[in-house]
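Computed from the coordinates by the stated procedures, all read-outs in this text should not be read as laboratory data. Predicted model only: the values in this text are computed from it and were never measured. So basically every Cβ, Gly included, is an ideal-geometry build from the backbone, and we count neighbours across all protein chains shown.
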């Protein structure tokens, strides 16, 4: 298949910002003067690592993960938003998936018989330790990743099947975990819970997110530095 050339020299770690809002903030916070654009995804990088975004959906994520593998990236944090399915978590919570169920199609191409995937244990322990040291409250739980969230929300049987099995839903986490496992990359995901599945929402809960976000930027910077 044809792919545009993308040859850069960077470090071993990457942060993928799934949403446009988080990516726009990241560009302000991470002072990386080397930059590029690949398949309409923006990159910022230095000799320590790279950040990129926005990137929505598992199929596109699959392509980018293959590219990052070719760049010798060893560790990845995916950072984005998710919708809550379970009352155990609340709007505005920082959510750390410890188990991901796949209802998206990209994972099937790598693991035809598996539907459950996990973050890297050591990376998870490291980031959890930093969150606790910084005093950041967060929730852990299971997440479901889908390709067509609107269909999921409209079909009552989907909702009733999953709302007691998982805490949240997104479009990327299971692919991040599964492809990282296949490509031998360590990965984990962090999400802000911005809405509730099945209810219309037009604004994110900024007043609940902003204080945590400022602290998390510091943790993400330390991750890129290898601290």
> Taking the alpha carbon gyration tensor of region 31-114, what are the square roots of 5 times its eigenvalues, largest first, to the nearest whole Å?
Replying inline: 26, 19, 12
> Hey, could you pull the Cα Rg and Dmax for region 96-190, both in Å?
Replying inline: 14.1, 42
> If the convex hull of the alpha-carbon atoms of the chain is projected onto planes in all directions, what is the mean projected area in square nanometres?
Replying inline: 12.1 nm²
>> Could you work out the percent of alpha carbon pairs in region 128-183 separated by over 15 Å, rounded to a whole number?
In response: 61 percent
> How big is region 154-199 by Rg and Dmax over its Cα atoms, in Å?
Replying inline: 13.3, 38
>> Quick check on packing: order 113-123, 135-145 by the mean number of other C-beta atoms within 10 Å, highest mean leading.
In response: 135-145, 113-123
> If you take every DSSP beta bridge whose two residues both sit in the chain, what share of them, in percent to the nearest 5, is antiparallel?
Replying inline: 35 percent
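Taking only the Cα atoms of region 1-63, how large is their convex hull per residue, in Å³?
89 Å³
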> Using the 10 angstrom Cβ neighbour count as an exposure proxy, how do 128, 167, 66 rank, fewest first?
Replying inline: 66, 128, 167
>> How would region 89-139 be classified by its alpha-carbon gyration tensor: rounded, prolate or oblate, with rounded meaning a/c under 1.5 and the a/b versus b/c comparison settling the rest?
In response: oblate
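Using mean Cβ contacts within 10 Å as the protection proxy, how do 9-21, 176-188 order, highest first? Working shown, then result.
Numbers: 9-21: 20.0, 176-188: 22.6.
Highest to lowest by the protection proxy: 176-188, 9-21.
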